[in-house]
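All of the numbers you see were taken from the coordinates with simple rules; none came from a lab. Not measured: the values here are computed from a predicted model. When we count neighbours, we look across all protein chains shown, and the Cβ atoms used for this are built from the backbone with ideal geometry, even at glycine.
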Amino acid sequence: MSPLSHSRMTVTEVGEFLRDPPAGFSVETLGSDYRVHSDDETNLVLIDDFQSCSGNITFQNSLGRKVKMRNLWEYTRVRQNLLSKRIYLLVTSCDQNSSVTRTKPKDLKVGTQHVVSIDSRDPFLRWQMERGLDWTISSVAGESYCVDIDIVEALETWRTEQPPDDAMRTKPVWRDASFTLKYESDALFDFPHWFGFSKRTFKLRVT
């Protein structure tokens, strides 16, 4: 699958990403494994080490899919990066039978891994990120938060906007299409967090 020519969002199959990395990335081959280097000034990578059909792949300086923050300074730094850089995330697209009405793991065919990039510097996406973070994390003084940023809706839009020649033959089911921010307060009586009220989700759209 070729990357979509779209400034807000691109979706690139992992093999293609390794063969022809985008600007700001370089790939180092170590036997059957790969080490991916990135420009931290412009890119924010949220990809854990993983294994593909090409080998083991490590993204250097990646914060991982779950970003933990322990104080106000770390939260401020992560928030600023989320609003000023291009975000990279690993997702999987799985095919399902058209007759399936309820998606179950056994109904899904083997998935294809993709590197998704989102340009949070785009005014529309930045506005969504700011609004979502302000809604899900009202304060960071004495409460812990766990926030999932879901991009499934953005991926569905991406699929429908592809040119006919690049269109997927079947509608995929997107797996792992989110990343998590976890702020851990040292407050002793953090009752909202204990009872699960501080677990939030907001969805990101590209149109």
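Full extension of the chain between Arg70 and Ser138 yields a length gain of 22.9 nm, computed as 0.36 nm times the residue separation minus the alpha carbon distance. The H on the amide N of Ser144, modeled in the peptide plane, is under 5 Å from the matching H of Ser185, His193, each at least 5 residues off or on a different chain.
The string of couplings for segment 29-40 from the Karplus curve (6.51, -1.76, 1.60, θ = phi - 60°) is 8, 10, x, 9, 9, 9, 10, 9, 9, 9, 7, 5 Hz, one whole number per residue in order, with x for Gly and Pro.
Assuming R0 = 25 Å, can you tell me the calculated FRET efficiency for the pair Ser7 and Lys203, based on Cβ-Cβ distance, to the nearest 0.05? The calculated FRET efficiency here is 0.80. Measuring r between the beta carbons of Gln80 and Glu28 and using R0 = 30 Å, the FRET efficiency lands at 0.55. Net charge of the neighbourhood of Lys85, taken over other residues with C-beta under 15 Å away and scored Lys/Arg +1, Asp/Glu -1, is 0. Note on Glu161/Asp20: beta-carbon distance plugged into 1/(1 + (r/R0)^6) with R0 of 25 Å gives a FRET efficiency of 0.70. Relative to the current alpha-carbon distance between Val152 and Cys53, full extension at 0.36 nm per residue lengthens the span by 33.2 nm. Rounded to the nearest Hz, the phi-derived 3J(HN,Hα) couplings of segment 151-159 under the Karplus curve 6.51 cos²θ - 1.76 cosθ + 1.60 (θ = phi - 60°) are 10, 4, 4, 5, 5, 5, 5, 4, 5, where x marks glycine and proline.
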